[in-house]
1. Non-local amide H neighbours of C:Val91 (under 5 Å, H modeled in plane, Pro and chain starts lacking H): which ones?
2. Viscosity 1.567 mPa s, temperature 4 °C: give me the Stokes-Einstein translational D for chain C in µm²/s, with Rh taken as the Kirkwood radius over C-alpha pairs.
3. Give me, ordered by chain and number, the residues 5 or more places off A:Arg30 or on other chains with an amide H under 5 Å from its own placed amide H.
4. Which one of C:Lys252, C:Lys48, C:Lys152 has the biggest mean-square fluctuation once chain C is modelled by GNM with Cα springs under 10 Å?
5. With the calculation restricted to Cα positions, what are the radius of gyration and Dmax of segment A:5-252 in angstrom?
6. Please list, in chain and number order, the residues 5+ apart from B:Phe138 or on another chain whose amide H is under 5 Å from its amide H, with Hs placed from the backbone.
7. Looking at the P(r) of segment A:57-109, how many percent of alpha-carbon pairs lie beyond 18 Å?
8. In the protein assembly as shown, how does Rg compare with the Kirkwood Rh, expressed as the Rg/Rh ratio over alpha carbon atoms?
Amino acid sequence: MTGVLTIDELTVDIGRPLVKGVSLDLHPGRIHGLAGESGSGKTLTSLAVLGLLPRQATTGGSVRLGDTELLRMGRRELNRIRGRRIAMVFQDPSSALHPQLTVGHQLTDHVRTHLGLNRSDARDHAVEMLERVAVPNAADALGRYPHQFSGGQRQRICIAIALACDPDVLLADEPTTALDVTVQAGILQLLRDLATERELAVLLVTHDLGVMSAIADDVAVMRDGRIVEAADRATIFAAPQHDYTRGLLAALPGSRLETGTHLEEDGA
Amino acid sequence: MSAERGTGNRTDVLAAGWRTRLRWPRAWRSPLGILGAVIAVAWVLVAFTASWWVPFEPNAQVLPRLQEPGVDTLLGTDGTGRDIFSRLMTGATVTIPLALMLVVAAMVIGTVVGAVAGYFGRWIDETLMRITDLVMAFPTVILAMVVAASLGPSLFNAVIAAIVVSWPQYARVTRSLVLGLRGQNYVIAGRLLGRSPLKSLTVDILPNIVGPMLVLATLDIGAAILLLSGLSFLGLGAQPPTAEWGSMISSAIQNFDAWWLGVFPGLAILTVVAAFNFLGDALRDILDPTAEVARENQADRTSSATGAAA
Amino acid sequence: MTERIVLDARDLVVRYPGSPPVVAVDGVSFTIAAGETVALVGESGSGKSSVARAVAGIDRPAEGNVRFDEGPVEPLGVRRRARSLTAIQMVFQDPSTSLNPRRRVGDQVADGIAAARARGLEGSRPEEWFERVGLDPSWVSRFPHQFSGGQKQRIAIARALAARPHLLVADEPISALDASTQSSVAALMRDLVAELGAGMLFISHDLAVVQRIADRTLVMYAGRVMESGDTAKLWADPQHPYTRALLAAIPKPDGTGRIPAAPTLDDRASWTTVPPITD
């Protein structure tokens, strides 16, 4: 079965190969986790999907959204897909929002571009979106600026902006890493609910295996530009096959570190 | 451990790669910068050597009066029979070294004031910056005129006047740079290690603002030349018969029909000011701190990528 | 472990100007003994960093006092810091601004050594410290931009420890680092500080790491310490509702797909009403 977004043998080369043949299938309503340490190529993979790689990067393989090949698409066509059919949520909600524009402005702007709504319809739509992501006093919130919200609420607003055009695919790159744990829990619940209720295919990129275990349906573990293991959540956590996955899980808290282990640990 | 070591080595190689591959091409990609550098260097060479090779004594009235540019006298002669070309080149020996001196002096004064104000803050900052504001509030040329007029018109006094009006902008820029750096972790760490404020300034802060200050100074050389020529034009700087561009233009007004009297000094000012501005712009691009940060992040990312690979 | 108290902070209050003034720290007291690692955990905005800056003498607290090795901690001012106070060192969150970009890293570690020597302690060489923090000693003549974030943080740690501190204040020292190096750097700090017989105030929002390295833990919320005590005990049997919520919010990597319960606004309001719990 092929999914809504199919990544097939994707390679990314920036001076040297950094992603070396990654294949993933995203399905509606499912959250697909991409785990790995930084430098493993997981973020590059998600950037490649949106065509956001640096100019000097060369790509190979294919990324298909339904029947459309994204990798060799022109800038203008890609722009029509970005935000409309594939949306992205970033790690740092404070820098993902424009500090000088109201939340309402940022929420309605691209809705009007992509969906062709008029001003008042776009506004209603924005209020609806903010209510959905549980930002309190949604109607008032439209007139406020990003700095007037807490980090968790900003991330909720980012999610609302991402989902405003009702995309098929959501790429979430470390969406909760910059947040406090008590806030993180709420965002995770929101992502899970949205994926289910909107039939959204989510690619969740994170290094946090706890987050992965909480909401991902399928998990792929990346290392050095390759997927070393991919399975459903229960299998990955209960019966990891690959040594690297086992190592990652073993490194998680549970036992106090022994003195001196730091030297070996670096050789990941 | 082995991975960390491997990473470091590669970062090193990478960093070196960025240096040679990225820095230079970026500079060369700015043709105006190259043009500016060539013209500026040429003028500076002229400024320091002209007295040995100009065809005529700049003040010698030995040629036919108001001769048009031609073979004998490259750029013509003026109303008293002096060779314009020789005077123009000699003018460079007057204006350019003085402009450089002016900029250096203004930069030193401004940097010291700004650094002290920014670093110590509070009432020191308030006092110094209000004085700076006061000086800045006067229109530059008017203030320079006041200084030059009260000290008496001479080239040296014009330079003093120009320094008085030029240092505040350096103070402002330095202060804001120092304010930004003062809270940096390495500055605080240095203080926690027992470094005195003065040492902290000279070791941790000033070396890190040299780049932007140099850019500002380069851009300012053009302005300094304009200011000096302007004061001379107004009769407050160089006095006749000294060959100076501003006063040459000024005296050209007496013979309005002889276009070459005013055009060539004007062109000289234009080329030298434009050259230093182009050079400054190119320098700014090369030394741009944000570009440096971006490069560093890039290196960070690639190095962690290699780290994982190792 | 010796029970020599190196740091004694009493009723610290930190306010930031504004109308009304923001009270970042609202009456925090704690002590740190030599050789002990005390963790300060809490969410962003809970006042952890303000405590760190007050304790290290970077900012002057509005109220309360900080005593270090039996003397008061004088905040940094226009004077050079008293020699005895160079035994308080700090490691910062952001390694990219922790080192002077224009100086060789070896020279910067040597600054730490010079501070130790100024207090009459035996000298050492930067290379030794590089070795100790797990870096190649031959790298001393490099510049900071040639290192990755984790390596820069190790150099900053080497510089702080080269001053042979009695107290190391670490303000989120690992949160800017790669996930894979976080716990190793934290463990390295704990080991080296213990080796020097110094105390450490380790500030972090990462509860997992804190659990592994701290002897005692202070849990801060809204400028106050809500619960403090032995780390293992606090983890096993949290008393304060905030501590409980904090621990319960960490997703467990157990593969069950359980999403931790998010505290409601009512929960948040209730946390400040329950009095702090100390042992």
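The numbers here are math on the coordinates, done by the rules we state, and not lab data. The structure displayed is predicted, hence computed values, not measured ones. Ideal geometry is used to build each Cβ from the backbone, glycine not excepted, and the neighbour counts take in all protein chains shown.
1. C:Val169, C:Ala170, C:Asp171
2. Values: Rh = 19.5 Å.
This corresponds to a translational diffusion coefficient of 66 µm²/s.
3. Result for A:Arg30 returns A:Val202.
4. C:Lys252
5. 18.0, 56
6. The list, which skips near neighbours in sequence, is empty: none.
7. Values: 690 of 1378 pairs.
Of all Cα-Cα pairs in segment A:57-109, 50 percent lie more than 18 Å apart.
8. Details: Rg = 32.6 Å, Rh = 31.0 Å.
My calculation of the ratio gives 1.05.
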